[in-house]
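Derivation of every value follows stated rules applied to the coordinates shown; laboratory data play no part. Just so it is clear, the model here is predicted, and its values are computed rather than measured. Cβ sites come from the backbone with ideal geometry, for glycine too, and all protein chains shown count toward neighbours.
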Amino acid sequence: MEQNRSYHYQIMRRAIDLIDTQPETALSLEALAAVMNLSPAHFQRLFSQWVGVSPKRYQQYLALDQAKDLLRERHTTLATADAVGLSGSGRLHDLFLRWEAMSPGDYAKGGEGLTIHWGWFDSPFGPALVMGTDKGICGIGFASETGEAEAMTDLKGRWPKAAFVEDTERLRPWVGAAFGVNGETTPLHLIGAPFQIKVWEALLAIPSGHVTTYSDIAGAIGHPKAVRAVGTAVGRNPISLLIPCHRALRKSGGLGGYHWGLPVKRAILAYESARLEA
């Protein structure tokens with residue numbers, strides 16, 4: 001099942017590239033299927049299994065102005081999210097996340113005395129490197145754009161003094177919950193500076209299929225002028241997907257950056273939007 005999900009993303013990734021080369025033209029099912037070397041029926045079936053809408057509708061979600069449409073139609077103002085009941089609903093696969101933050105003092109030690117288990121897993125968005133402590137998942141990185149070696153170096157560099165142990169089976173139940181396979185709770189262990197954790201906590205309040213802006217996040221955490229610092233903290237989020245940094249956009253409607261590659265960010269946003277609609 002995991003391999004199928006990763007395979008589906010590779011097909012979607014090629015579709016994204018193709019759509020980007022012809023942004024003004026809606027490609028037919030037959031044309032897209034031909035480029036993927038699949039029959040139209042098979043291609044349509046893969047789309048339905050992966051995202052739940054037609055290739056034509058998915059193209060609309062992947063359009064270059066998708067971010068502006070999301071800001072106009074599904075913009076979550078975090079200051080009022082709790083009041084309207086958004087903060088705990090609609091996360092990817094309706095996951096229930098529980099999280100615990102490392103103390104500032106322990107964070108300053110760079111992970112000294114901490115054992116972090118790691119493993120590679122297939123995900124809906126390509127190969128995923130997952131890391132976790134005894135308390136929960138502390139890192140998820142996607143390697144489809146960066147490559148596996150760079151993803152490993154990147155995440156290990158967050159906690160340079162920690163001990164890293166490969167242990168795929170130890171992480172598998174949490175990973176199954178994270179990617180919506182087993183329906184269990186996903187525990188998270190947030191390892192960051194106090195300001196970063198405030199930003200990541202705000203990201204957790206954005207429902208799946210919705211977006212917010214960096215300036216909204218800055219206001220929600222009580223630092224309205226710290227938009228640049230918020231952007232940096234969003235980019236340093238170590239737990240991709242589950243702490244949804246992909247749902248933070250520029251106020252102008254631009255996608256902004258994404259640590260693991262903009263094609264991955266666009267695919268995740270399109271995936272969530274389409275599933276919300278479906």
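Counting every other Cβ atom within 10 Å of each residue's Cβ, SER273, SER103 order from fewest to most as SER103, SER273. Summing charges over neighbours of LYS161, with a neighbour being any other residue whose Cβ is under 13 Å away from its Cβ, gives +1 when K and R count +1 and D and E count -1. The calculated FRET efficiency for the pair ALA163 and LEU276, based on their C-beta separation and a Förster distance of 51 Å, comes to about 0.80. With a Förster radius of 41 Å applied to the C-beta separation of SER28 and LYS225, the computed FRET efficiency comes to 0.25. Among TRP159, TRP120, TRP99, the ranking by other beta carbons within 10 Å of each residue's beta carbon, starting with the fewest, stands as TRP120, TRP99, TRP159.
Which of the three applies to the range 111-205, rounded, prolate or oblate, going by the alpha-carbon gyration tensor with a ≥ b ≥ c and a/c under 1.5 meaning rounded?
Values: a/c = 1.27, a/b = 1.09, b/c = 1.17.
Rounded, since a/c falls under 1.5.
Measuring between alpha carbons in the structure, the pairs from LYS135/LYS156; LYS198/LYS225; LYS135/LYS265; LYS56/LYS251; LYS109/LYS156 lying more than 20 angstrom apart are LYS135/LYS265; LYS56/LYS251. Taking a ≥ b ≥ c as the square roots of the Cα gyration tensor eigenvalues, with a/c under 1.5 meaning rounded and otherwise prolate when a/b beats b/c, else oblate, which class fits the range 179-249? Prolate.
Local charge for GLU148 was computed over the other residues whose Cβ lies under 14 Å away, with Lys and Arg +1 and Asp and Glu -1, and equals -4.
Quick check: residue separation of ASP106 and ARG172 times 0.36 nm, minus the Cα distance between them. What number comes out in nm?
Working: separation 66, 0.36 × 66 = 23.76 nm, distance 2.63 nm.
21.1 nm is the gain from fully extending ASP106 to ARG172.
Residues GLU277, GLU201 in ascending order of nearby Cβ atoms (within 10 Å, fewest first): GLU277, GLU201. In this rough spin-label picture, where each label sits 7 Å from Cα along the Cβ direction, the ARG14-THR115 distance is 4.3 nm. Please give the net charge around TRP118, taking every other residue with its beta carbon less than 11 angstrom from that of TRP118, where Lys and Arg add +1 and Asp and Glu add -1. Within the 11 Å Cβ shell, the charges total 0.
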